[in-house]
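Right, one structure below, let's go through it.
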Amino acid sequence: MNPLFDNPDTEVCPACGSAGPLEIVYGFPSLEMMEASQVGQIVLGGCEHSGTVPAYRCRDPKCQHSWGDVS
Ligand SMILES: [Zn+2]
């Protein structure tokens with residue numbers, strides 16, 4: 001487990017109901033963030049902060065719904 005990132009087990013996809021979504025992390029990725037994204041722990045959101053900035057993405061590849069708000 002990587003202690004840098006929360007595992008949002010309590011979040012549930014509002015579109016399909018899948019639990020435990022991927023956390024979307026914004027900003028220039030560190031090496032640890034790149035590794036975490038490669039093993040499917042997080043999603044890299046990039047540096048762009050225009051429009052909506054969702055906090056989570058559904059881990060179901062058929063859904064990929066994004067929701068939440070980065071605070
Ligand atoms: Zn979903």
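The values are calculated or read from the model by the stated rules, or taken from the named source; none is laboratory data. As the structure is a computational prediction, the values presented were derived from the model and not from experiment. Ideal geometry is used to build each Cβ from the backbone, glycine not excepted, and the neighbour counts take in all protein chains shown.
Of all residues in the stretch 1-55, those satisfying the criterion of being modelled with pLDDT under 90 and hydroxyl-bearing (S, T, Y) are T10, S50, T52.
Residues in the stretch 51-70: is at least one among the aromatic types (F, W, Y) and surrounded by fewer than 18 Cβ atoms within 10 Å (Cβ to Cβ)? Yes: the stretch 51-70 contains one or more residues that are among the aromatic types (F, W, Y) and surrounded by fewer than 18 Cβ atoms within 10 Å (Cβ to Cβ). Reported count of residues in the stretch 38-62, each being closer than 16 Å to V12 by Cα, in contact with a Ser or Thr (Cβ under 7 Å, 6 or more places away or on another chain) and of a type in the set (A, V, I, L, M, F, W, C), is 1.
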